[in-house]
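The values are calculated or read from the model by the stated rules, or taken from the named source; none is laboratory data. Just so we're clear, the structure is a prediction, and the values are computed from it rather than from any experiment. Virtual Cβ from ideal backbone geometry, glycine too; neighbours counted across all protein chains shown. Quick note on the areas: whole protein, heavy atoms, side chains included, nothing else; ligands and nucleic acids left out. Shrake-Rupley method; radii C 1.70, N 1.55, O 1.52, S 1.80 Å.
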Amino acid sequence: MIREKLNGIESTVPVEAEKIAQEGAGAQINLSDFMMTGRELLSRRVSRESQREDEVRQDLVHQRLFFYSIETFSRNKSGPIAEFSYLTADEDLNELEGRCGRFLMALPPDVLPDPVCAAAAGISPSEAQRTGLRENEFAEKILSVLPRGAFCRIGWNNVGFADERIRALLFRTYHEPYLSGRDCFERTRFDLQTFSRTVFTLRPGIIKEPQGKNILSLTEVAKANGIETAFKPRMMLELMRLFREKLPKMLSFYMSLRTRAAMSEYLRRQSLKWIQIVTAATWDGRISAIPAMPLGPITGKGPDSGRWLMLSLTGEPSEYILNPSLFEKEEEVQDEEILDTGENVDDDGASPSGDSEVKGSEALLPKSYGLEKYGLFLLSPNRCPAVAPIATLSEERAKELGVSAKKAQANYQAYRKDWGTSISAIKLILKKALAERNRLMSDRFRNLPPEERLYEGFIPDSDRELEKELHLVEESSPLEVRDFRFRDERLNGMLFTYIGRNLPETMTDEELAEWKRLCNERVEKQLPEFRKRCGEALQRFGGDEKIMAILREFDLEQ
């Protein structure tokens, strides 16, 4: 069924691009309408609207939608979460009764809260300590409120923010870190912020945009569109309803690409054929659009396996790719072990789609291990990337964004003129970039505590089973948790911290003294940054009395 669905989508990409391009662009004249009576016309229009909504429903069928949001006490991805809120809806976007809530986590004794994060979240440390759960209980609570069976997690910047922090929490509490687990087609995710960014890029004016720099803030987007609830999961549900009403085809198209397999298949079918627009946000909140060509997925078993290498077609062509002699060649490259460009290379160098002539300006490329220096960047198909055929970008909007389809096409032709040389240079650049990435990550992991080394590698299957056993023993005989030994040294290294944070009552007097010493040592290391952030919080929130009440709980003079 999945293969049939993908084939149906991909074989009609130009048609889908045309549909998305027309959607919301104003009334379209249909001559057949003039041949109908008033009753027939009304019936036809009602049927047409029902069909548009059905397209969205069909893609959501059998999948409950789990809207969620987190607040944190730390900027560190491995830092403590302060709050988890959630809401569950059915495929028709109806909220399910009794399936929403909010709960807090108590701050661990070895961590200082970030004053700016606490103020932005509106959560005082005293409230968290009074009503919050221990870290292990908090993780269990998150897992318990997830829907059973097939569901889609929907958040606001959940891919880059919430999921990273939840994953770190599950890792250090001895759970499967990846919420999708191995049932990637049963449990999917969708990033509503990325979709909103795509809408603002391709179809401005359909959904009202906030003014100022915070155009990608959930609360600001909701406020601009008349959504008054303060509960963030409900904000997202209301926005989803708005998108389904205003842009049903666009929503359906991107919902169909939310899995790694679907997005990878889409990119593979577009590889070296159709120029894509990759939307992004710059550091100051502006929307940018990058014309790019999918080249192929990284192969092998490394941490970047499956990510797609993209060739930017903005600005001027990279001389390093056109003239590989500029790039010092230290060793030969085994092409097939680095990048799979598939079988879509046209020997005649046929140009890709896209022929509107607009004035271009260089866009900001995503940071990818220094690849951006050479006009390359990596795209993760499992992170709900914002990708669209360039045909979906109107000429007027392209001018506003500084995107030139004609320039992108010319750049691609320059690279394809001697494609063998270009692709050899690209693979050499990629190999060196990944080697440097591996070296830097190895050095970084060497200096990190085990709780922060999630991405050093996957947990062995035997240890996964031991983790399940640990939680069973924790319920029946918590004193025996200390006796667990794992193959993965990270899991052994963080066991003492786990017991100190979650089972301190099981510690001996000597262990408790060692835990207090460790807490004091960790807090001392955090004090300089804590003092700095106190000052930043006062400057940023000094005029808000409600937030100042939270900040007064910190000893701002220390």
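All but one of (1) open to solvent by less than 50 Å² (accessible area, probe 1.4 Å); (2) in contact with a helix residue (DSSP H, G or I) (Cβ under 8 Å, 6 or more places away or on another chain); (3) at pLDDT below 85; (4) not in a strand (DSSP E or B) hold for Ile277, so report the exception by its number.
(4)
Scan the range 144-171 for residues that are farther than 14 Å from Leu65 by Cα and over 20 Å from the mean Cα position of the chain (by Cα) and report the count.
Qualifying residue count, the range 144-171: 1.
Just to be sure I understand the filter: pairs with C-beta atoms under 7 Å, separated by 6 or more residues or on different chains, first member in the range 405-418 and touching a residue at least 40 places away in the same chain (Cβ under 8 Å) and assigned to a helix (DSSP H, G or I), second member open to solvent by 40 Å² or more (accessible area, probe 1.4 Å) and among the hydroxyl-bearing types (Ser, Thr, Tyr). Which pairs pass?
Gln409/Ser351; Tyr412/Ser351; Gln413/Ser351
Considering only the range 35-135, give the helices (runs of 4 or more DSSP H) lying wholly within it that have at least 1 residues that are farther than 22 Å from Leu218 by Cα and either open to solvent by less than 20 Å² (accessible area, probe 1.4 Å) or at pLDDT 90 or above (or both).
On the way: elements: 38-60, 115-121, 125-131.
Where helices (runs of 4 or more DSSP H) fall fully within the range 35-135 and carry at least 1 residues being farther than 22 Å from Leu218 by Cα and either open to solvent by less than 20 Å² (accessible area, probe 1.4 Å) or at pLDDT 90 or above (or both), they are 38-60, 125-131.
Can you find even one residue in the range 492-504 that is aromatic (Phe, Trp, Tyr) and free of Cβ contacts under 8 Å to residues at least 12 places away in the same chain?
No, the conditions are met nowhere in the range 492-504.
Please enumerate the residues belonging to the range 298-309 that are touching a residue at least 60 places away in the same chain (Cβ under 8 Å) and either in a strand (DSSP E or B) or not small (Gly, Ala, Ser) (or both). Give the steps one after another, and end with the answer.
The initial filter retains those residues of the range 298-309 that are touching a residue at least 60 places away in the same chain (Cβ under 8 Å), namely 298, 302-304, 306-309.
Hits for the range 298-309 are Ile298, Pro303, Asp304, Arg307, Trp308, Leu309.
Only one of Phe195, Phe190, Phe200 is closer than 22 Å to Met310 by Cβ, in a strand (DSSP E or B) and of a type outside the set (D, E, K, R). Can you tell me which? Reasoning before the result, please.
Working: Phe195 fails: in a strand (DSSP E or B); Phe200 fails: in a strand (DSSP E or B).
Of Phe195, Phe190, Phe200, the one residue that is closer than 22 Å to Met310 by Cβ, in a strand (DSSP E or B) and of a type outside the set (D, E, K, R) is Phe190.
Answer yes or no: is there a residue in the range 326-339 that is modelled with pLDDT under 55, under 28 Å from Arg258 (Cα atoms) and surrounded by 15 or more Cβ atoms within 10 Å (Cβ to Cβ).
Within the range 326-339 (the criterion being modelled with pLDDT under 55, under 28 Å from Arg258 (Cα atoms) and surrounded by 15 or more Cβ atoms within 10 Å (Cβ to Cβ)), the answer is yes, since at least one residue qualifies.
Look through the range 470-488, keep the residues that are touching a residue at least 12 places away in the same chain (Cβ under 8 Å), charged (D, E, K, R) and over 14 Å from Phe171 (Cβ atoms), and return whichever of them is surrounded by the most Cβ atoms within 10 Å (Cβ to Cβ).
Going residue by residue through the range 470-488, those that are touching a residue at least 12 places away in the same chain (Cβ under 8 Å) are 470-471, 474, 478-479, 481-482, 484, 486-488.
Checking the rest, the ones that are also charged (D, E, K, R) come to 474, 482, 487-488.
Then keep just the ones that are over 14 Å from Phe171 (Cβ atoms); that gives 474, 482, 487.
Values: Glu474: 20, Arg482: 15, Arg487: 12.
The qualifying residue surrounded by the most Cβ atoms within 10 Å (Cβ to Cβ) is Glu474.
Can you tell which of Leu472, Leu454, Leu430 is under 25 Å from the mean Cα position of the chain (by Cα) and farther than 26 Å from Asn76 by Cβ? Show your work before the answer.
Values: Leu472 fails: under 25 Å from the mean Cα position of the chain (by Cα); Leu454 fails: farther than 26 Å from Asn76 by Cβ.
The unique qualifying residue is Leu430.
Report yes if Asp463 is more than 30 Å from Ser325 (Cα to Cα) and open to solvent by 30 Å² or more (accessible area, probe 1.4 Å), otherwise no.
Values: more than 30 Å from Ser325 (Cα to Cα): yes; open to solvent by 30 Å² or more (accessible area, probe 1.4 Å): no.
Taking the combined requirement at face value, the residue does not satisfy it.
When Phe445 is evaluated against the numbered criteria (1) open to solvent by less than 40 Å² (accessible area, probe 1.4 Å); (2) touching an Asp or Glu at 6+ places or on another chain (Cβ under 6 Å); (3) within 28 Å of Ala280 (Cα to Cα), which criterion, by number, is the only one it fails?
Against the list (1) open to solvent by less than 40 Å² (accessible area, probe 1.4 Å); (2) touching an Asp or Glu at 6+ places or on another chain (Cβ under 6 Å); (3) within 28 Å of Ala280 (Cα to Cα), Phe445 comes up short only on (3).
Give the residue that is most open to solvent (accessible area, probe 1.4 Å), with candidates limited to residues of the range 505-541 that are in contact (Cβ under 8 Å) with a residue 12 or more places away in the chain and aliphatic (A, V, I, L, M).
Per the criteria, the residue is Leu538.
For the range 542-555, what are the residues that are open to solvent by less than 100 Å² (accessible area, probe 1.4 Å) and either of a type outside the set (Val, Ile, Thr) or in a loop (DSSP other than H, G, I, E, B) (or both)? Can you show your working first?
Keep residues of the range 542-555 that are open to solvent by less than 100 Å² (accessible area, probe 1.4 Å), which gives 542-544, 547-551, 553-555.
Correct list: Gly542, Gly543, Asp544, Met548, Ala549, Leu551, Glu553, Phe554, Asp555.
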